[in-house]
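Data first, discussion second: the structure below is written as structure tokens.
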Amino acid sequence: MKTYNLKGANISREWWLIDASSMPLGKLAVVIADKLMGKSKVTYTPHIDNGDYVVVVNAKNLVVTGEKMTQKKYYSHSGFPGGIKKLSLEEVVEKDVARAIREAVKGMLPKNKLSADRLARLKVFEGAEHAHVAQNPKEIK
């Protein structure tokens, strides 16, 4: 048997629609990362970016379990001494709920040169309306 290797010219991308209020944040991030990497396709090739586009709606109704809203922390550092900033998930959701979803998905993607392009195909919307109706995304339940 021969191993199939996908060529860059043969890439076909689909659009998927996910409702963020249907599952907890961690499980949502796993499903999104799987679609962005293209691991659910039979043509998956590790060194080729074969993933699909993912549209997330109802992000403002994000579901988390346990005490994650108050206990989960997001850190950023300015690079200067004493320049560390710490925000809880509750504060991040209040400011920009899309950041919470993006950070969760970013943690699920492999850390390589393809991750930025994969993450760019993630589109997050706070409400039920989205700007990608023309692409006719298939809904993931």
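Values quoted throughout were computed directly from the atomic coordinates according to the rules given, and no laboratory measurement underlies them. A quick note: this is a predicted structure, and the numbers were derived from the prediction, not measured. As a convention, Cβ positions derive from the backbone with ideal geometry for all residues, glycine included, and neighbour counts pool all protein chains shown.
Summary table below
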| quantity | calculated |
| --- | --- |
| Calculated [θ] (222 nm, deg cm²/dmol) that DSSP helices of n ≥ 4 give over the chain, each run adding -39,500 (n - 2.57) | -8000 deg cm²/dmol |
| Order of Asp34, Asp96 under a 10 Å beta carbon neighbour criterion, fewest first | Asp96, Asp34 |
| Loop-located trypsin sites (Lys or Arg not before Pro) in region 1-88 whose Cβ has at most 10 other Cβ within 10 Å (DSSP) | Lys2, Lys7 |
| Student exercise, the chain dipole from Lys, Arg, Asp, Glu Cβ charges, in Debye to nearest 20 | 580 debye |
| Region 40-136: chymotrypsin sites (Phe, Trp or Tyr not before Pro) falling in loop per DSSP and having at most 16 other Cβ within 10 Å | Tyr44 |
| GluC sites (Glu not before Pro) restricted to region 95-141 and DSSP loop, no more than 15 other C-beta within 10 Å | Glu129 |
| Farthest toward positive dipole pole in the chain [+1 Lys/Arg, -1 Asp/Glu at C-beta], among His132, Ile18, Ala120 | Ala120 |
| 0 to 90° range, to nearest 10: angle between helix 97-108 axis and the chain longest Cα axis | 60 degrees |
